[in-house]
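The values are calculated or read from the model by the stated rules, or taken from the named source; none is laboratory data. Since we're looking at a predicted model, the values are computed, not measured. Positions of Cβ are generated from backbone atoms using ideal geometry, with glycine treated the same way; all protein chains shown enter the neighbour counts.
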Amino acid sequence: MRGVSFASVTGTMLLTAFLLLSLGFAVEGSFETRGEIANTFARQAQIQQAQIDLEELLRLQIDEENSLRGYLLTRDPFYNAEYRSASTGYDEKEAAIRKTLGNQLLGANKLLADYARLQLEWRNTVAAPLLAHPRLRLEELDKRNKLFSDYETLTAAAIRRELAGTDDELERSTQMQLDRSSYLRAAWVLAFGLLAIVLNAYRTRLNRELEEERAVTRVLQKAFRSESTPLPHCDVGSAYLSASSDRAVGGDVFDVYRVSENQALILIADISGKGVDAAVLTAFVKFMVRAIALRSTDPMAILTEFNVVLSKAVADPYIFVSMFVGLLDTDTFALRYASGGHDTAFVRRRNDVVQLAITGPVLGVMEEPFGAETIYLQPGDTLVLATDGLTEVRNRAGEQLSGQGAMELIERASPGAQQLADELAAAVRERGGSRVRDDLAILAIRVLDGAVASA
Amino acid sequence: MLKACAFLVVCLTLVSANALADCRVHRGEHVVLFSTTDDPSVLMWDSRTRLREYHAASFDEAQAMLPHAVLASPGTHGDVVTCLPGYVVSPLFTSPDDAVGVTISSGPLKGTVRWVLGSDVRPRHKN
């Protein structure tokens, strides 16, 4: 690829990873804040319950005093019973507040203990003597009662202040946590927004570059791609299927070129790499093979010579070509071919399909001699040549079609060459859906049924 | 001229400070004694120092001081002799309270002078 550089893709991946990491931290932070706020709310609920219980406690204490006064004034046992009931209620409520406060709020706990001690002492030193001797209304007892009353009122007020202070503090703390959480969330949203904008800009740029590249490549490919040349006694069909729109265009090429009245050179090749570089190489392959064929039409010689030229012309070790070159005699239907690592070549004869063996390695990798094979086609036979887009197309489960799958497709296809090519392309499009990763070139040559091979 | 202005500023500051620290009742004012609604009777002390100590003391210390106090029924009348603003301080008070010297004008203690807490006196409006 030219413009869509490795660095751009790496940058996008790094940004995405950073985004995911940040998202993880943000989610974790949100849960933490939620936990803190829930904890604060729970404490606040405790304080508020203690405040309610405290008011109830004060009411019970007043009930105690009023019942005592009622008894002293009327001597009615009803008030004595009321006094006992209020005392019991007071003790239970005091225990409940202690339980609510637990080990927290030491200040309020201490004040509550003082309050309970005062009440107990009041019962022992004021209430008990008066209950025992209702007529005993000494001034000294009245003063002690006043003393208790003063202290209890003040202590209760102090407890109220302590609880209210803690409640306010917790409320401030909750507000601070909420503020902090809001600011953090705003910061995260801002960061994510900016990152999303950057990523989107990256993606837009990549898409634009890819689209430009595809446009250029398509123009080049259209210029270099052969139309199906008519051959005597043969039916020729072809198809070309482009990869998904988000993929770079590959370097697939085919050519049918008549070198004489009764001889045709058949070429199909797949150049490694994609984009403009591959498209340019496509043209190079097509015209170089034609140029070599001017001197020798022997497929083995063409591949051997082309391999030398390619190795010298292209310095990039990652560029290589799989190529099938065949010389078809349209009188005898003898096909002499050489296949440099191009295994997507098949012959269909009636209901049987065979895969043509390769006769050498891919080109551009090493200088090795190439072999050649000769087969004789019969009327009704179809030579099917394709690029690896046929066998490597994947279904939804990610499974490749494979050579066997391709052979089964060819076996079931219609007899006509063009129909066969179209059906294969349709099958690939259906299998790959939007995930067709590679271009596909198909060339089909069918020997017509009525053709008679001349000796 | 400058000195006169400075003098004026000082005077105004002093007057403002006095106003801020003013008592809730004033000398000669007729008052009624009434404490809290929970227990409206009022403890009256024989000296302002004991009044202050009673509120600053612990419960046990305060109890020991009770012989120096007299309990007045709520509604007892009196006339303000003097008032000391913010004289009584207690760890349980939110802010200091006044100490008010009162001549009792009703009840068994009529004619005696006692000290009471500022919040225990209410101005009385004669008809």
The correct count of residues that are at positive phi and within 14 Å of chain A (Cβ to nearest Cβ) in segment B:73-119 is 1
Taking segment A:382-400 and the residues there that are polar (S, T, N, Q) and assigned to a loop (DSSP other than H, G, I, E, B), the one that is surrounded by the most Cβ atoms within 10 Å (Cβ to Cβ) would be A:Thr387
Does segment A:273-313 hold any residues that are of a type outside the set (A, V, I, L, M), touching a residue at least 40 places away in the same chain (Cβ under 8 Å) and under 18 Å from A:Phe370 (Cβ atoms), and which are they?
A:Asp298, A:Pro299, A:Thr304, A:Phe306, A:Asn307, A:Ser311
Among the residues of segment B:60-112, what is the count of those that are under 20 Å from B:Pro40 (Cβ atoms) and assigned to a helix (DSSP H, G or I)?
2
Going by the conditions given, is A:Ile358 surrounded by 15 or more Cβ atoms within 10 Å (Cβ to Cβ) and touching a Ser or Thr at 6+ places or on another chain (Cβ under 7 Å)?
yes
Could you give me the residue pairs with C-beta distances under 6 Å whose first residue belongs to segment A:154-183 and is closer than 22 Å to A:Ile52 by Cα and in contact (Cβ under 8 Å) with a residue 12 or more places away in the chain, whose second residue is among the acidic types (Asp, Glu) and surrounded by 14 or more Cβ atoms within 10 Å (Cβ to Cβ) wherever it lies, and which are 6+ apart or on separate chains?
A:Thr155/A:Asp114
Consider A:Thr332 against the criteria (1) buried (at least 16 other Cβ atoms within 10 Å of the Cβ); (2) part of a loop (DSSP other than H, G, I, E, B); (3) in contact (Cβ under 8 Å) with a residue 60 or more places away in the chain; (4) not charged (D, E, K, R): it satisfies all of them except one. Which criterion is unmet?
(1)
Among all residue pairs at least 6 apart or on different chains, which show Cβ distances below 6 Å where the first residue, located in segment A:18-40, is not assigned by TED's automatic domain parsing to the domain that holds A:Leu178 and the second is polar (S, T, N, Q)?
none
Within segment A:173-210, can you find the residues that are under 25 Å from A:Gln44 (Cα atoms) and not acidic (Asp, Glu)?
A:Ser173, A:Thr174, A:Gln175, A:Met176, A:Gln177, A:Leu178, A:Arg180, A:Ser181, A:Ser182, A:Tyr183, A:Leu184, A:Arg185
Every pair of residues 6+ apart whose Cβ atoms lie under 7 Å, when the first sits in segment A:410-426 and is over 18 Å from A:Val393 (Cα atoms) while the second is assigned to a helix (DSSP H, G or I):
A:Ser414/A:Leu420; A:Ser414/A:Glu423
Among A:Leu390, A:Leu385, which is under 33 Å from the mean Cα position of the chain (by Cα), in the same structural domain as A:Phe324 (by TED's automatic domain parsing), closer than 20 Å to A:Val256 by Cβ and touching a residue at least 24 places away in the same chain (Cβ under 8 Å)?
A:Leu390
Would you point out the residue of segment A:139-153, among those that are within 7 Å of chain B (Cβ to nearest Cβ) and touching a residue at least 24 places away in the same chain (Cβ under 8 Å), that is surrounded by the most Cβ atoms within 10 Å (Cβ to Cβ)?
A:Ser149
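Here is a yes/no grid of residues against (1) modelled with pLDDT under 80; (2) away from chain B (no Cβ under 11 Å):
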site: A:Arg98; (1), (2): no, yes
site: A:Gln104; (1), (2): yes, yes
site: A:Gly107; (1), (2): yes, yes
site: A:Leu111; (1), (2): no, no
site: A:Asp114; (1), (2): no, no
site: A:Arg117; (1), (2): no, no
site: A:Arg123; (1), (2): no, yes
site: A:Arg137; (1), (2): yes, yes
